[in-house]
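The values are calculated or read from the model by the stated rules, or taken from the named source; none is laboratory data. Please read these numbers as outputs of a predicted model, since none were measured by experiment. Quick reminder, even Gly has a Cβ in these numbers, built from the backbone with ideal geometry, and neighbours come from all protein chains shown.
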2 protein chains.
Amino acid sequence: MEMKVLIVLAHPEPQSFNGSLARLAEETFVTGGAEVRISDLYSRQFEPDEHARHFSQRKNPIRFDVQTEQRFNHHQGTLPVDVTREIDDVLWADFVMLQFPLWWFGLPAILKGWMDRVFAYGALYTGSHCFQAGVCRGKRAMLSVTTGSPAEVCAHNGQEGDTQLILWPIHYALHYVGFSVLEPSLITGVRGGYAGNDAAIQDRYLDTRLLEQRLRLTNLDSIPVIPFNAESDWNDRRKLKPRAPVYSPFIRHQAKLLLS
Amino acid sequence: MEMKVLIVLAHPEPQSFNGSLARLAEETFVTGGAEVRISDLYSRQFEPDEHARHFSQRKNPIRFDVQTEQRFNHHQGTLPVDVTREIDDVLWADFVMLQFPLWWFGLPAILKGWMDRVFAYGALYTGSHCFQAGVCRGKRAMLSVTTGSPAEVCAHNGQEGDTQLILWPIHYALHYVGFSVLEPSLITGVRGGYAGNDAAIQDRYLDTRLLEQRLRLTNLDSIPVIPFNAESDWNDRRKLKPRAPVYSPFIRHQAKLLLS
């Protein structure tokens, strides 16, 4: 059965390197026999702010509570049209790739808003449908991230704050709704960190990264899954059991690097 | 000289607990003799997505590059009106407090967008004006965060992903533009985690948190500043020098907890 791929793109400029990466991914997956949908949030003019104005129906018309209205409208079938479209795409997909530049050590606001609105309570998670019992269990997700600074500055001993550590909250959110999260594709130095002002060198550098990315996406199965704790590691008050093996091996590895 | 306080509020419901916290902060600071401005992002209908449409002037009309256009428009005095207003407030303030609920392990999109657009290249940072040489040096900033889940679930061994670790990217962004970052005010369990379905117990719980918050804000000077690396810890390629004392003591502490 062919793989169903959703690429969520968050960049304001179609001709950007992020735009190229999204097109490369589409082409690579299609060539590999997959069915591909692209959610280009900027071209869709996706509105990032979760807000009462998005809800035509209200469980509580007086006081707007996000989770209350998300769940109510999900059950009524009245979630906003733009959100429903995104949810349908997520539920349809076997593999979801988020393509974005790291802005202020996190997601661009339009993609954070996609998460705030599309990962709707009732639809993509509940208190009992999360983590290994999450709605997205069995699906894979991966961040494809660019940074302006070169790799050594984004490393655990670099001044850009340790990119792997910075991605932890985003990975955790994907884990929360049930995805198996692949190790991220991190392309550093897209603003010329390696090439100084030599445009030809920088172009060659980026072309090489595109070739690598094609290879990576052609061999998705070879990308390691980020390990998280198993359900059985947590007690009924959602704390790690005393003898639980570790807090997520992924973050433990980062912690060890920081202490090295 | 009286303290100048900027409170940035990111919640879609004025009657929410976050709204109460913002009003309490305003009242507390005014009572203490400070001048206070509130940037209520939802009531201002702040647009979170950094986008070409915000810029009336363009250095490059063909290809939209965020940093290029932010710097160009800053130098031309043509940054968007809504952004200029927020920058003026940040530059005016001695103390900036970000009041928000933790959504999907990060800032609500409207507040992430405030950062993406207001921390404009050229205006609030450049390659040489950052960290200890940042535009906001001498100013203090603090996150005032609420979580739905109770404290033990937000702790380093809790299932909500370790809130202190999750705040690291946001703290690092504030550090990047030069703020002295105070330890966050973290109010957990605002969705009733302690009280089950007993509304009266939950109300008392929240009232107590408000009292504590008033005390905390009355004694800002007693709140520890989060330690980050000194400029002299980094080499000229922005990596930690071999003998630099530590990668930020704050994150080291978190790393040790994770490994404990």
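Data for the structure
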read-out	value
Test: residue in region A:13-22 that is within 15 Å of A:Arg117 (Cα to Cα), among the small types (Gly, Ala, Ser) and surrounded by fewer than 20 Cβ atoms within 10 Å (Cβ to Cβ)	no
Hey, A:Asp94 surrounded by fewer than 22 Cβ atoms within 10 Å (Cβ to Cβ), in contact (Cβ under 8 Å) with a residue 40 or more places away in the chain and touching a Ser or Thr at 6+ places or on another chain (Cβ under 7 Å) or not	no
Residue satisfying condition, being under 27 Å from A:Phe55 (Cα atoms) and either modelled with pLDDT of 95 or more or aromatic (Phe, Trp, Tyr) (or both), within set A:Leu182, A:Leu111	A:Leu111
Matching entry among A:Asp82, A:Asp162 (being over 16 Å from the mean Cα position of the chain (by Cα) and without any contact (Cβ under 8 Å) to a residue 60 or more places away in the chain)	A:Asp82
Subset of region A:116-132 (residues that are within 12 Å of another protein chain (Cβ to nearest Cβ), under 15 Å from A:Val66 (Cβ atoms) and in contact with a helix residue (DSSP H, G or I) (Cβ under 6 Å, 6 or more places away or on another chain))	A:Asp116, A:Arg117, A:Val118, A:Ala120, A:Tyr121
Some residue of region B:24-38 being modelled with pLDDT of 95 or more, within 16 Å of B:Thr146 (Cβ to Cβ) and among the basic types (Lys, Arg)	no
Subset tally (residues that are in contact with a strand residue (DSSP E or B) (Cβ under 8 Å, 6 or more places away or on another chain) and part of a helix (DSSP H, G or I)) for region B:11-37	9
Among (1) assigned to a helix (DSSP H, G or I); (2) surrounded by fewer than 19 Cβ atoms within 10 Å (Cβ to Cβ) - the single one B:Val83 does not satisfy	(2)
Those residues of region A:201-243 which are of a type in the set (Val, Ile, Thr) and outside any helix (DSSP H, G or I), in sequence order	A:Ile223, A:Val225, A:Ile226
Criterion violated by A:Val5 - all others in (1) within 22 Å of A:Leu91 (Cβ to Cβ); (2) at pLDDT 95 or above; (3) assigned to a loop (DSSP other than H, G, I, E, B); (4) not basic (Lys, Arg) satisfied	(3)
Options B:Gly134, B:Gly158; residue that is of a type in the set (Gly, Ala, Ser), in contact with a strand residue (DSSP E or B) (Cβ under 9 Å, 6 or more places away or on another chain) and within 30 Å of B:Leu259 (Cα to Cα)	B:Gly158
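Yes or no, residue by residue, for (1) under 15 Å from the mean Cα position of the chain (by Cα); (2) in a helix (DSSP H, G or I); (3) within 30 Å of A:Leu79 (Cβ to Cβ):
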position: A:Leu143; (1), (2), (3): yes, no, yes
position: A:Ile166; (1), (2), (3): yes, yes, no
position: A:Gly189; (1), (2), (3): no, no, no
position: A:Gly192; (1), (2), (3): no, no, no
